[in-house]
């Protein structure tokens, strides 16, 4: 039986589109942090990655997620 601590966990994926051709792109956060530039496989355009803005956006998303209540009750009245 495999040790649970050694299992492989998929890293979070960022999905976006090429600003030039609209090709669907996927990168892990680690891949985005490791390079300031990537190339679209659809059209070959160079895409600059602003890792500071990416980190700030990730922080804002995390804060928003933390504010969501664990349970929401909806009641219908007649």
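Values quoted throughout were computed directly from the atomic coordinates according to the rules given, and no laboratory measurement underlies them. In this text, all values refer to a predicted model and were calculated from it rather than measured experimentally. For neighbour counting, all protein chains shown are included, and Cβ atoms are generated from backbone atoms with ideal geometry for every residue, glycine included.
The slack in the chain from residue 67 to residue 13, taken as 0.36 nm per residue of separation less the alpha-carbon distance, amounts to 17.2 nm. Label-to-label distance for residue 74 and residue 37 is 4.8 nm, based on points extended 7 Å past Cα in the beta-carbon direction. State the label only: which of (i) 128; (ii) 228; (iii) 80 corresponds to volume of the Cα convex hull per residue in Å³ computed from the shown model? Entry (ii).
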